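First the structure, in the form of structure tokens, and then the observations on it.
The values are calculated or read from the model by the stated rules, or taken from the named source; none is laboratory data. A quick note: this is a predicted structure, and the numbers were derived from the prediction, not measured. Cβ placement follows ideal geometry from the backbone for every residue including glycine, while neighbour counts extend to all protein chains displayed.
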Amino acid sequence: MIRALDLTDANSHDLLAKPRQMEMTAPEKASPTEWENLVIDRASDEARVGTWKCEPYTDEIVDYEYDEFMYMISGMVELIYPDGTTDTFGPGQAFLLPKGFTGTWKQPQTVVKFMAMIR
């Protein structure tokens, strides 16, 4: 029998994953610790769904590989676009980071989110 997965407590679900150091775009940037617990992770890497927790960090994103839907549980993210404009998302907000996005991901605090990524 296949049963539904209850992801209501994202913090508990994230911490079931082993912590790992995030890969940054530049080697001189400090790598935060992240926890990613995937409930859908295809061998082809075309679709990923689960919970994610990560310590504060800032990094440049160039031509993002996925369409990623995110629902913020805790923390805050600021997206800084090449023209200098920004969007900020926090708890209870949902957004889509589209494939091809280029800009800065600024995360001044630990973030917990639900996410669904499609290549």
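Overview of results
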item	result
All positions within the range 41-70 that are aliphatic (A, V, I, L, M) and surrounded by 12 or more Cβ atoms within 10 Å (Cβ to Cβ)	A47, V49, I61, M70
Hey, D67 modelled with pLDDT under 95 and among the acidic types (D, E) or not	no
Subset of the range 61-99 (residues that are in contact with a Lys or Arg (Cβ under 9 Å, 6 or more places away or on another chain) and charged (D, E, K, R))	D63, E65, D67, E68, E78, K99
Any hit, the range 51-58, residues being modelled with pLDDT of 90 or more and within 16 Å of G103 (Cβ to Cβ)	yes
Yes/no for D45 being touching a residue at least 40 places away in the same chain (Cβ under 8 Å) and on the phi > 0 side of the Ramachandran plot	yes
Condition check for W35: closer than 20 Å to P108 by Cα, assigned to a strand (DSSP E or B) and touching a residue at least 60 places away in the same chain (Cβ under 8 Å)	no
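Results for (1) at pLDDT 95 or above; (2) under 21 Å from L38 (Cβ atoms), shown as yes or no for each residue.
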{"residue": "E78", "(1), (2)": "yes, no"}
{"residue": "G84", "(1), (2)": "yes, no"}
{"residue": "P91", "(1), (2)": "yes, no"}
{"residue": "L97", "(1), (2)": "yes, yes"}
{"residue": "G100", "(1), (2)": "yes, no"}
{"residue": "W105", "(1), (2)": "yes, yes"}
{"residue": "F114", "(1), (2)": "no, yes"}
